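*Asks:* Following this message is one structure expressed as structure tokens.
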Amino acid sequence: MQQFASPLLWIFGLVVLAEALNKLERTRPCLPGLTANGRLLAWLKALAWALLALAGAGALVAPIFDPRPPSTRELCMFAGFVVLIVRTRFKEG
């Protein structure tokens, strides 16, 4: 299983990064007409997707800078986000 850990993390990171950048592009926290609550929620959403984009990018470059295989915790965390992303895509049709 160890030999598959780094490629799996790379694939999971790519999916998370792609989705995070897609969601960030569509998040508009400065849109006119938002209520204060709506603006706060939009900023929190943008912050969350920005952090996920950074994590996804980190997973892509990790094999270059850190030759150790990823931990089970890292794989499970990224796999969980990938499952949620794929589920949402199927739900949206």
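*Asks:* Report, ordered by the first and then the second residue, all pairs with beta carbons closer than 8 Å, sequence separation of six or more or different chains, a first member in segment 50-66 that is within 10 Å of residue 10 (Cβ to Cβ), and a second member that is of a type in the set (Ser, Thr, Tyr) and buried (at least 16 other Cβ atoms within 10 Å of the Cβ).
*Replies:* If the second residue must be of a type in the set (Ser, Thr, Tyr) and buried (at least 16 other Cβ atoms within 10 Å of the Cβ), the pairs left are 62/6; 63/6.
*Asks:* For segment 7-24, name all the residues that are open to solvent by 40 Å² or more (accessible area, probe 1.4 Å) and within 17 Å of residue 67 (Cβ to Cβ).
*Replies:* 7, 8, 10
*Asks:* Which residue pairs have Cβ atoms under 6 Å apart, sit 6 or more places apart or on different chains, and have a first residue in segment 20-35 that is within 14 Å of residue 51 (Cα to Cα) and hydrophobic (A, V, I, L, M, F, W, C) and a second that is at pLDDT 95 or above and open to solvent by less than 60 Å² (accessible area, probe 1.4 Å)?
*Replies:* Listed pairs, sorted by first residue: 20/49; 20/52; 20/53; 20/56; 21/53; 24/49.
*Asks:* Of the conditions (1) open to solvent by 30 Å² or more (accessible area, probe 1.4 Å); (2) part of a loop (DSSP other than H, G, I, E, B), residue 61 clears all except one; give me its number.
*Replies:* All conditions are met except number (2).
*Asks:* Got a sec? Which of 46, 79 is at pLDDT 95 or above, closer than 16 Å to residue 18 by Cβ and open to solvent by less than 90 Å² (accessible area, probe 1.4 Å)? If you could, list the steps in order and put the result at the bottom.
*Replies:* On the way: 46 fails: closer than 16 Å to residue 18 by Cβ.
Step by step, each of 46, 79 is checked, and only 79 is at pLDDT 95 or above, closer than 16 Å to residue 18 by Cβ and open to solvent by less than 90 Å² (accessible area, probe 1.4 Å).
The values are calculated or read from the model by the stated rules, or taken from the named source; none is laboratory data. Given the structure is predicted, the values throughout are model-derived calculations rather than measurements. So basically every Cβ, Gly included, is an ideal-geometry build from the backbone, and we count neighbours across all protein chains shown. Calculation scope for accessible area: heavy atoms of the full protein, side chains included, ligands and nucleic acids excluded. Shrake-Rupley method; radii C 1.70, N 1.55, O 1.52, S 1.80 Å.
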